[in-house]
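The structure appears below as structure tokens.
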Amino acid sequence: MKPLHILHTEASLGWGGQEIRILTEAEGMIARGHHVTLIAPPDANIRREGEARGIPTLALPIGKKRLGGLFELRKWLKTHPCDVINTHSSTDTWLAALACATLSDPPPLVRTRHISAPVPDNFSSRWLYNAATRFIATTGEKLREQMMREVHVAAGRVESVPTGIDLTRFHPDDRAVKRAELGLPADAFIVGIVATLRSWKGHRYLLEALQPLTDIHLVVAGDGPQRAALEAQVESLGMKSRVRFVGNQKNVPPWLQSFDIFVLPSYANEGVPQALMQAMACGLPVVSTPVGSIDEIVTDGETGLMVAPQDVITLRAAIEKLKSDAPLRSALGAAALARARERFSADLMVARMERIFALAAAGATRLDGAGASGD
């Protein structure tokens with residue numbers, strides 16, 4: 001395959017699984033000999049982290065749907081030819097699509113759809129996803145079906161490409177050693193969650209579920225707009241002595257390796273959460289919800305326990321069940337690890353995205369090989 005110039009755009013200022021996937025993918029493409037450029041707002045976390053990782057990164061004002069950002073992006077595209085644009089959030093997708101619509105020979109646009117938030121079935125959305133976008137990659141099969149159902153994208157133009165993780169970093173390790181390194185109690189039963197502190201991740205339901213379970217500790221890794229509210233909830237529930245907020249962590253594996261179980265009680269807007277896959281790769285039994293494409297990796301009673309979203313009672317029962325049943329924890333953790341090793345490789349993700357980019361750059365109009373090629 002000839003080297004491609006791949007442009008990634010990301011309007012989000014935050015930090016989470018979506019941003020990590022973009023950078024992992026960019027690093028993988030560079031390792032395969034492609035040229036990658038990342039465009040993000042000046043104050044975006046992904047821009048700073050991209051620079052730190054040595055990924056060619058440019059700051060442009062694309063954080064909001066404004067004419068200034070559109071003109072700046074169009075100006076850059078006009079003077080910097082690239083083979084394909086991969087957009088990731090709503091704002092940068094719209095700016096890139098409109099910029100390309102005003103160019104005489106624009107590069108094809110590939111949209112990665114990371115989350116399951118609804119897409120309105122209206123003229124503008126249908127234009128964006130059908131006329132302006134060449135191909136769509138989703139992080140799970142349910143998201144792929146959502147795109148076909150909600151905005152009528154043809155099956156041959158959208159493909160599920162699950163996020164991959166670095167299995168050399170995320171693996172089981174000595175729990176006692178990791179707890180000593182992190183200053184966690186050696187003998188406590190520790191529930192962990194790694195997620196951006198957003199409402200739909202369900203932290204508040206987890207706190208309510210754990211409140212009467214006074215012998216269980218909770219570690220909350222991640223930061224975000226809900227932190228103050230969650231800290232106030234911990235205070236009101238009288239849980240300060242056994243809940244620890246540790247903020248964003250550059251080195252996540254030791255935290256996962258120190259937990260007894262991992263819980264992610266999301267109730268909306270999920271694809272396939274990276275932290276959930278990372279926990280499984282560390283051999284942890286997990287508790288989660290059938291939101292987005294989570295049930296494509298977590299099979300209830302086999303690789304984890306699934307509970308209804310926003311249901312404190314069933315969430316509490318699942319946690320109590322795992323705490324009281326060590327053989328079940330061991331069996332679920334082993335099955336989760338096996339599934340991670342079989343399906344969660346970052347190399348597989350990069351190879352599948354590389355194929356989509358190559359087809360787009362070559363002028364193909366379908367990903368399944370059927371129909372015409374070229375526009």
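Charges were assigned to the Cβ only: +1 to each Lys and Arg, -1 to each Asp and Glu. The resulting dipole of segment 175-343 about its Cα centre is roughly 420 debye.
Taking the number of Cβ atoms within 10 Å of each Cβ as an exposure proxy, the fewest-first ranking of D215, D311 is D215, D311. Annotation note: trypsin sites (Lys or Arg not before Pro) in segment 26-126 located in DSSP loop regions with a Cβ neighbour count of at most 12 within 10 Å are K64. Taking a straight Cα-Cα cut-off under 22 Å and skipping sequence neighbours fewer than 8 places away in the same chain, the lysines within cross-link reach of K250 are K178, K201.
The lysines whose alpha-carbon is closer than 29 Å to the alpha-carbon of K2, local same-chain residues fewer than 8 away aside, are K75, K78. Looking only at segment 126-167, which residues have a backbone nitrogen under 12 Å from a spot 7 Å from the Cα of D347 in the C-beta direction? Within reach of a label on D347: 167. Using the Cα coordinates of the chain, the gyration tensor eigenvalues translate into equivalent-ellipsoid semi-axes of 38, 21, 20 Å, sorted from longest to shortest.
Label-to-label distance for A31 and L98 is 3.8 nm, based on points extended 7 Å past Cα in the beta-carbon direction.
We did not get these values from a lab; they are worked out from the coordinates using the rules stated. Just so we're clear, the structure is a prediction, and the values are computed from it rather than from any experiment. Here Cβ is always computed from backbone atoms with ideal geometry, including for glycine, and neighbour counts include all displayed protein chains.
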